[in-house]
Amino acid sequence: MTNKIYYLASCDTCRKIIKTLPNPDRLEFHDIRQNPITVEALEEMHSLSGSYEALFSNKAQLYKSMDLKNRSLTEEDFKKYILEHYTFLSRPVFIIDDKIYIGNTQKNILEVIKVLS
């Protein structure tokens, strides 16, 4: 399995994180705006994370503008929204050595740096 990062090239946070990565050549870069997430890629993320909700970003502006916080979203809803619009994927998502790292928390990024070192 290829090590991957799903990110948004226009996202300042993603760019800062990428600059800190050791051995970035070990990763296949996947800009989710230029190259939308496929059902297969999302299924791989889901199988590693255990849920679509774990992959879903409730910080997205669309989440607020669509008033999704006032709805009871199911796993199928999370899947549908992530596939419909890239902004709903919590970023960045790393898949390294069959393990998934979701989001930009400091703990997560430190783990990714350690694994890539």
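The values are calculated or read from the model by the stated rules, or taken from the named source; none is laboratory data. Predicted, not measured: the structure shown is a model, and the values here were computed from it. Positions of Cβ are backbone-derived with ideal geometry, glycine not excepted, and every protein chain shown enters the neighbour counts. Calculation scope for accessible area: heavy atoms of the full protein, side chains included, ligands and nucleic acids excluded. Shrake-Rupley method; radii C 1.70, N 1.55, O 1.52, S 1.80 Å.
Considering only residues of segment 82-107 that are of a type in the set (S, T, N, Q) and without any contact (Cβ under 8 Å) to a residue 12 or more places away in the chain, which is surrounded by the most Cβ atoms within 10 Å (Cβ to Cβ)?
Ranking the candidates gives Thr105 first.
Among the residues of segment 39-72, which ones are open to solvent by less than 40 Å² (accessible area, probe 1.4 Å), more than 20 Å from Thr105 (Cα to Cα) and at pLDDT 95 or above?
If the condition is that a residue be open to solvent by less than 40 Å² (accessible area, probe 1.4 Å), more than 20 Å from Thr105 (Cα to Cα) and at pLDDT 95 or above, then Ala41, Leu42, Glu44 are the ones that fit.
Consider Ser49 carefully, then state whether it is polar (S, T, N, Q) and touching a residue at least 40 places away in the same chain (Cβ under 8 Å).
Numbers: polar (S, T, N, Q): yes; touching a residue at least 40 places away in the same chain (Cβ under 8 Å): yes.
Yes; evaluated as a whole, the condition is true for this residue.
Quickly run through segment 1-15 and pick out the residues that are open to solvent by less than 20 Å² (accessible area, probe 1.4 Å) and either of a type in the set (A, V, I, L, M) or part of a helix (DSSP H, G or I) (or both).
Passing the criteria: Ile5, Leu8, Cys14.
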